[in-house]
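**Q** One structure is given below, represented as structure tokens, and several questions about it will come after.
What follows is calculated from the coordinates using simple rules that are stated; it is not laboratory data. Note that this is a predicted model, so its numbers are computed, not measured. Virtual Cβ from ideal backbone geometry, glycine too; neighbours counted across all protein chains shown.
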Amino acid sequence: MTAQSLEGLVVAVTGAGQGIGLAIATAFAAEGARLVVSDIDEGRAHAAADAVRQAGGQAQALRVDVRSAADNAAQVRAAVSAHGRLDVMVCNAGVMQVRPLLELEAADWDTMLGVNVTGVFLSLQAAARQMLVQPALAEGRPRGRIINIASVAGRTGAGPIAAVMPHYRASKAAVISLTQSAAITFAPQVTVNAVCPGVVDTAMWAGIDRDLGALQGRANGEVWRQRVAGVPMGRAQTPADVAGLALFLASPAADYMTGQSINIDGGLVMS
Ligand SMILES: NC(=O)c1ccc[n+]([C@@H]2O[C@H](COP(=O)([O-])OP(=O)(O)OC[C@H]3O[C@@H](n4cnc5c(N)ncnc54)[C@H](O)[C@@H]3O)[C@@H](O)[C@H]2O)c1
């Protein structure tokens, strides 16, 4: 990525307190972007802002629960009052739960879809309301970019561990669909694309390994090792592997791309 292409962009990232969101925020910072980093955990949001500053960017930290329309509006306002605009909205916040389909309760379903789907919907809606009325950075270019973090889990309801996370998979399929609807709605002013990571070494996967291991009576680390062994690229994915694609989707090279959901998963799922 050329530094010039992302320098000065105003970027908001939800769920930026750790893992993929944090890696995306610091990657934008290293390119000279100005960040609003938010998380439901306020302490984590502040730590993320420190990390962004260390990476060379400007940052504001905010507590945002993506399920709240008011929080999402406040996040956009924070960007606009500090910098006059919001160029890139990264809808990253998400949750996971290991629970077999027959044991799932309505509350589990509602929590999962509440964060992973309603959250993305509210974040992108708040961002688009601002982006659609702001001028483009340059003549003929989009006025804003929305980047949703979906998952290869949203590509199909089947798969090796699908039976223990049906609500997660359904939530990510919904994000892929919403990405297309939003792209159609906001074209040509705002591009909307999704990133579909695979098996990323974050706290989320540590939880899958622990909970699925307990469910199946397997030792710590075994579920993780087996899943990583099936990755054609021969290693686990790092959060930084995901960040590179987010930078690309915000860059001028992706000006003509919208409505796409792109797998970046070491070849785990080819679709
Ligand atoms: N880890 C993986 O293998 C993987 C693979 C594909 C997709 N993803 C997706 O990438 C995104 C980030 O995952 P991660 O692995 O970094 O997860 P993570 O659990 O490490 O971090 C998620 C962050 O989101 C925050 N968060 C949770 N609920 C929130 C809410 N309601 N409002 C605001 N923030 C909230 C958490 O506090 C946390 O800081 C998620 O959408 C996840 O589904 C992860």
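**Q** What number comes out for the charge environment of Ala30, summing +1 per Lys or Arg and -1 per Asp or Glu over other residues with Cβ under 12 Å away?
**A** Its environment carries a net charge of -1.
**Q** Based on the mean of other beta carbon atoms within 10 Å per residue, what is the order of 25-37, 186-198, 45-57, 104-116, most packed first?
**A** Ranking, from highest mean packing down: 25-37, 186-198, 45-57, 104-116.
**Q** Taking the Cβ of Val190 as the center, what net charge do the other residues with Cβ under 13 Å away carry, scoring Lys and Arg +1 and Asp and Glu -1?
**A** +3
**Q** What order do you get for Ser123, Ser68, Ser171 when you list them from fewest to most C-beta neighbours inside 10 Å?
**A** With the sparsest Cβ surroundings first, the list reads Ser68, Ser171, Ser123.
**Q** With each label point set 7 Å from Cα along the Cα-Cβ vector, what nm distance links Leu102 and Arg141?
**A** 5.6 nm
**Q** Something else about it: Please give the charge dipole size of the stretch 207-271, origin at the Cα centre, charges +1 on K and R Cβ atoms and -1 on D and E Cβ atoms. Round to the nearest 20 debye.
**A** The calculation lands at about 240 debye.
**Q** On to the next question. Only Lys, Arg, Asp and Glu count, each charged at its Cβ (+1, +1, -1, -1), so figure out the dipole size of the chain about its Cα centre, rounded to 20 debye.
**A** Once rounded to the nearest 20, the dipole reads 300 debye.
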